[in-house]
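The values are calculated or read from the model by the stated rules, or taken from the named source; none is laboratory data. It should be emphasised that the depicted structure is a prediction, and the values quoted were computed from it without experimental measurement. For neighbour counting, all protein chains shown are included, and Cβ atoms are generated from backbone atoms with ideal geometry for every residue, glycine included.
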Amino acid sequence: MFSPDRLTTYDANAPTDTATATFGLGCFWGPDAAAGAIDGVVRTRVGYAGGTTLDPTYETIGDHTEVVQIEYDPNTTSFSDLLDWAFSQHHPPTQPDKRQYQNVVFTETSTQREQLRRFIDASEWTEAQIETRLERLDAFTLAEEYHQKFQLRGTRWITDAFEEAGYDTAAVRDSPAAAKLNAHAAGHDVTFPGLQQSYEPGR
(Lines give C-alpha, C1' and ligand atoms only; values in the text may rest on other atoms or scores of the structure.)
Protein backbone atom coordinates (compact mmCIF):
# COMPACT_ATOMS: atom_id res chain seq x y z
CA MET A 1 0.00 0.00 0.00
CA PHE A 2 1.25 3.47 -0.86
CA SER A 3 1.64 5.39 2.40
CA PRO A 4 -0.75 8.36 2.75
CA ASP A 5 1.95 10.07 4.81
CA ARG A 6 4.00 10.47 1.65
CA LEU A 7 1.18 12.49 0.09
CA THR A 8 0.70 14.86 2.98
CA THR A 9 4.43 15.34 3.50
CA TYR A 10 5.03 16.04 -0.18
CA ASP A 11 2.19 18.56 -0.31
CA ALA A 12 3.26 20.29 2.90
CA ASN A 13 6.75 20.82 1.49
CA ALA A 14 5.64 22.05 -1.95
CA PRO A 15 6.78 25.53 -3.05
CA THR A 16 4.32 28.31 -2.22
CA ASP A 17 5.79 31.07 -4.39
CA THR A 18 4.40 30.01 -7.76
CA ALA A 19 3.52 31.48 -11.15
CA THR A 20 0.80 30.36 -13.56
CA ALA A 21 0.74 29.33 -17.22
CA THR A 22 -2.33 28.29 -19.22
CA PHE A 23 -2.40 26.33 -22.47
CA GLY A 24 -4.97 24.76 -24.77
CA LEU A 25 -3.54 21.53 -26.20
CA GLY A 26 -6.48 19.43 -27.31
CA CYS A 27 -8.50 17.30 -24.90
CA PHE A 28 -7.29 18.49 -21.50
CA TRP A 29 -6.84 15.05 -19.89
CA GLY A 30 -3.58 14.37 -21.76
CA PRO A 31 -1.77 17.67 -21.19
CA ASP A 32 -2.93 17.72 -17.56
CA ALA A 33 -1.06 14.46 -17.00
CA ALA A 34 1.95 15.38 -19.14
CA ALA A 35 2.44 18.72 -17.39
CA GLY A 36 2.59 17.00 -14.01
CA ALA A 37 5.78 15.22 -15.07
CA ILE A 38 7.68 18.46 -15.71
CA ASP A 39 10.28 19.37 -13.11
CA GLY A 40 9.18 22.52 -11.32
CA VAL A 41 5.46 22.07 -11.93
CA VAL A 42 3.74 22.28 -8.56
CA ARG A 43 0.09 21.65 -9.42
CA THR A 44 -2.25 21.44 -12.40
CA ARG A 45 -5.95 21.92 -13.03
CA VAL A 46 -8.13 21.77 -16.13
CA GLY A 47 -10.85 24.13 -17.25
CA TYR A 48 -12.24 26.37 -19.96
CA ALA A 49 -10.93 29.66 -21.36
CA GLY A 50 -10.67 31.78 -24.47
CA GLY A 51 -14.35 32.39 -25.14
CA THR A 52 -17.22 34.70 -24.26
CA THR A 53 -19.86 32.18 -23.15
CA LEU A 54 -20.78 32.82 -19.52
CA ASP A 55 -20.23 30.05 -16.96
CA PRO A 56 -19.01 27.40 -19.42
CA THR A 57 -19.34 23.72 -18.60
CA TYR A 58 -18.38 20.61 -20.54
CA GLU A 59 -21.94 20.32 -21.85
CA THR A 60 -22.29 24.05 -22.58
CA ILE A 61 -18.74 25.01 -23.49
CA GLY A 62 -19.84 27.52 -26.11
CA ASP A 63 -16.86 29.25 -27.73
CA HIS A 64 -14.39 28.29 -25.01
CA THR A 65 -11.46 25.88 -25.33
CA GLU A 66 -10.36 23.06 -23.03
CA VAL A 67 -7.18 24.17 -21.23
CA VAL A 68 -4.68 23.06 -18.62
CA GLN A 69 -3.56 25.61 -16.06
CA ILE A 70 -0.14 25.01 -14.55
CA GLU A 71 1.29 26.39 -11.34
CA TYR A 72 5.07 26.24 -11.39
CA ASP A 73 8.05 27.15 -9.27
CA PRO A 74 9.94 29.98 -11.06
CA ASN A 75 13.09 28.95 -9.21
CA THR A 76 13.05 25.57 -10.98
CA THR A 77 11.42 26.18 -14.35
CA SER A 78 10.30 29.20 -16.35
CA PHE A 79 7.49 30.34 -18.59
CA SER A 80 9.92 30.04 -21.51
CA ASP A 81 10.58 26.41 -20.57
CA LEU A 82 6.85 25.76 -20.49
CA LEU A 83 6.44 27.45 -23.88
CA ASP A 84 9.03 25.03 -25.26
CA TRP A 85 7.03 22.15 -23.79
CA ALA A 86 3.66 23.45 -25.04
CA PHE A 87 4.88 23.99 -28.60
CA SER A 88 6.38 20.48 -28.58
CA GLN A 89 2.95 19.05 -27.78
CA HIS A 90 1.32 20.17 -31.05
CA HIS A 91 2.08 21.21 -34.63
CA PRO A 92 1.95 25.04 -34.63
CA PRO A 93 1.32 25.50 -38.39
CA THR A 94 -1.96 23.55 -38.11
CA GLN A 95 -5.05 23.92 -35.97
CA PRO A 96 -8.04 21.65 -35.24
CA ASP A 97 -11.31 22.97 -36.68
CA LYS A 98 -13.22 22.37 -33.46
CA ARG A 99 -12.58 25.34 -31.15
CA GLN A 100 -13.02 23.16 -28.05
CA TYR A 101 -9.78 21.32 -28.84
CA GLN A 102 -7.71 24.07 -30.43
CA ASN A 103 -4.13 24.91 -29.49
CA VAL A 104 -3.82 28.14 -27.52
CA VAL A 105 -1.02 29.86 -25.63
CA PHE A 106 -2.42 32.28 -23.08
CA THR A 107 -0.43 35.06 -21.45
CA GLU A 108 -1.31 36.81 -18.20
CA THR A 109 1.38 39.46 -17.84
CA SER A 110 3.48 41.77 -19.99
CA THR A 111 6.51 39.68 -19.02
CA GLN A 112 4.88 36.52 -20.36
CA ARG A 113 3.91 38.33 -23.57
CA GLU A 114 7.50 39.45 -24.07
CA GLN A 115 8.78 35.92 -23.41
CA LEU A 116 6.29 34.57 -25.94
CA ARG A 117 7.43 37.12 -28.55
CA ARG A 118 11.06 36.15 -27.99
CA PHE A 119 10.22 32.46 -28.17
CA ILE A 120 8.48 32.87 -31.53
CA ASP A 121 11.28 35.06 -32.89
CA ALA A 122 13.75 32.29 -32.05
CA SER A 123 11.55 29.47 -33.38
CA GLU A 124 11.58 27.83 -36.80
CA TRP A 125 8.26 29.51 -37.68
CA THR A 126 7.28 33.07 -38.39
CA GLU A 127 4.25 34.42 -36.55
CA ALA A 128 2.35 34.35 -39.85
CA GLN A 129 2.99 30.60 -40.15
CA ILE A 130 1.75 29.80 -36.66
CA GLU A 131 -1.90 28.80 -36.44
CA THR A 132 -1.71 28.38 -32.65
CA ARG A 133 -3.92 30.99 -31.02
CA LEU A 134 -1.89 33.50 -28.99
CA GLU A 135 -4.22 35.26 -26.58
CA ARG A 136 -4.38 37.10 -23.29
CA LEU A 137 -6.09 35.17 -20.53
CA ASP A 138 -9.24 37.07 -19.56
CA ALA A 139 -10.84 34.37 -17.41
CA PHE A 140 -10.41 30.73 -16.45
CA THR A 141 -13.31 28.51 -15.38
CA LEU A 142 -12.56 25.26 -13.57
CA ALA A 143 -13.84 22.14 -15.28
CA GLU A 144 -16.03 19.67 -13.45
CA GLU A 145 -14.35 17.53 -10.80
CA TYR A 146 -14.69 14.34 -12.86
CA HIS A 147 -12.29 15.88 -15.42
CA GLN A 148 -9.62 16.76 -12.84
CA LYS A 149 -6.68 14.32 -12.58
CA PHE A 150 -8.50 11.98 -14.95
CA GLN A 151 -5.74 9.38 -15.27
CA LEU A 152 -5.25 9.19 -11.52
CA ARG A 153 -8.95 8.47 -10.99
CA GLY A 154 -8.61 5.09 -12.66
CA THR A 155 -5.65 3.99 -10.54
CA ARG A 156 -6.97 2.43 -7.37
CA TRP A 157 -3.79 2.26 -5.28
CA ILE A 158 -3.39 6.03 -5.71
CA THR A 159 -7.01 6.95 -5.03
CA ASP A 160 -7.03 4.67 -1.98
CA ALA A 161 -4.01 6.52 -0.56
CA PHE A 162 -5.62 9.93 -1.06
CA GLU A 163 -8.86 8.72 0.51
CA GLU A 164 -7.01 7.31 3.52
CA ALA A 165 -5.14 10.62 3.87
CA GLY A 166 -8.48 12.45 4.10
CA TYR A 167 -8.37 14.32 0.78
CA ASP A 168 -11.68 15.37 -0.79
CA THR A 169 -12.01 15.90 -4.55
CA ALA A 170 -11.01 19.57 -4.41
CA ALA A 171 -7.95 18.74 -2.32
CA VAL A 172 -6.87 16.07 -4.81
CA ARG A 173 -7.30 18.53 -7.67
CA ASP A 174 -5.01 21.06 -6.00
CA SER A 175 -2.52 18.55 -4.59
CA PRO A 176 1.08 18.76 -5.85
CA ALA A 177 1.39 15.04 -5.13
CA ALA A 178 -1.67 14.36 -7.29
CA ALA A 179 -0.12 16.25 -10.21
CA LYS A 180 2.92 13.95 -10.11
CA LEU A 181 0.94 10.76 -9.56
CA ASN A 182 -1.53 11.66 -12.32
CA ALA A 183 1.47 11.88 -14.65
CA HIS A 184 2.71 8.51 -13.41
CA ALA A 185 -0.71 6.93 -13.95
CA ALA A 186 -0.61 8.15 -17.56
CA GLY A 187 2.78 6.50 -18.14
CA HIS A 188 5.09 9.49 -17.76
CA ASP A 189 8.38 9.23 -15.88
CA VAL A 190 8.20 11.07 -12.58
CA THR A 191 10.21 11.21 -9.39
CA PHE A 192 8.16 10.79 -6.23
CA PRO A 193 9.19 9.45 -2.80
CA GLY A 194 8.46 5.73 -2.49
CA LEU A 195 6.78 5.48 -5.88
CA GLN A 196 8.60 2.47 -7.30
CA GLN A 197 8.42 0.53 -4.06
CA SER A 198 4.69 1.16 -3.75
CA TYR A 199 3.44 0.29 -7.21
CA GLU A 200 1.07 -2.65 -7.16
CA PRO A 201 0.22 -3.95 -10.65
CA GLY A 202 -3.44 -4.66 -11.25
CA ARG A 203 -4.76 -2.36 -8.53
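Data overview
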| quantity | calculated |
| --- | --- |
| From ALA177, ALA143, residue being closer than 26 Å to GLU59 by Cα and modelled with pLDDT of 95 or more | ALA143 |
| Output for the range 21-57, where each listed residue is in a strand (DSSP E or B), touching a helix residue (DSSP H, G or I) at 6+ places or on another chain (Cβ under 9 Å) and closer than 22 Å to ASN75 by Cβ | ALA21, PHE23, VAL41, VAL42, ARG43, THR44, ARG45 |
| Identity of the residue in the range 1-20, of a type in the set (Val, Ile, Thr) and assigned to a loop (DSSP other than H, G, I, E, B), that ends up surrounded by the most Cβ atoms within 10 Å (Cβ to Cβ) | THR18 |
| Every pair of residues 6+ apart whose Cβ atoms lie under 6 Å, when the first sits in the range 80-94 and is surrounded by fewer than 20 Cβ atoms within 10 Å (Cβ to Cβ) while the second is of a type in the set (D, E, K, R) | PRO93/GLU131; THR94/GLU131 |
| Residues that are acidic (Asp, Glu) and either touching a strand residue (DSSP E or B) at 6+ places or on another chain (Cβ under 9 Å) or surrounded by 13 or more Cβ atoms within 10 Å (Cβ to Cβ) (or both), drawn from the range 48-60 | ASP55 |
| Every pair of residues 6+ apart whose Cβ atoms lie under 8 Å, when the first sits in the range 112-131 and is on the phi < 0 side of the Ramachandran plot while the second is acidic (Asp, Glu) and modelled with pLDDT of 95 or more | PHE119/ASP84 |
| Filtered residue count, the range 27-47, keeping only those that are surrounded by fewer than 20 Cβ atoms within 10 Å (Cβ to Cβ) and in contact with a strand residue (DSSP E or B) (Cβ under 7 Å, 6 or more places away or on another chain) | 2 |
| Test for PHE23: is it over 14 Å from the mean Cα position of the chain (by Cα) and not basic (Lys, Arg) | no |
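Per-residue answers, yes or no, for (1) closer than 30 Å to THR53 by Cα; (2) modelled with pLDDT of 95 or more; (3) assigned to a helix (DSSP H, G or I):
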site: LEU116; (1), (2), (3): yes, yes, yes
site: GLU131; (1), (2), (3): yes, yes, no
site: GLU135; (1), (2), (3): yes, yes, no
site: GLN151; (1), (2), (3): yes, yes, yes
site: PHE162; (1), (2), (3): no, yes, yes
site: ALA183; (1), (2), (3): no, yes, yes
site: THR191; (1), (2), (3): no, no, no
site: GLY202; (1), (2), (3): no, no, no
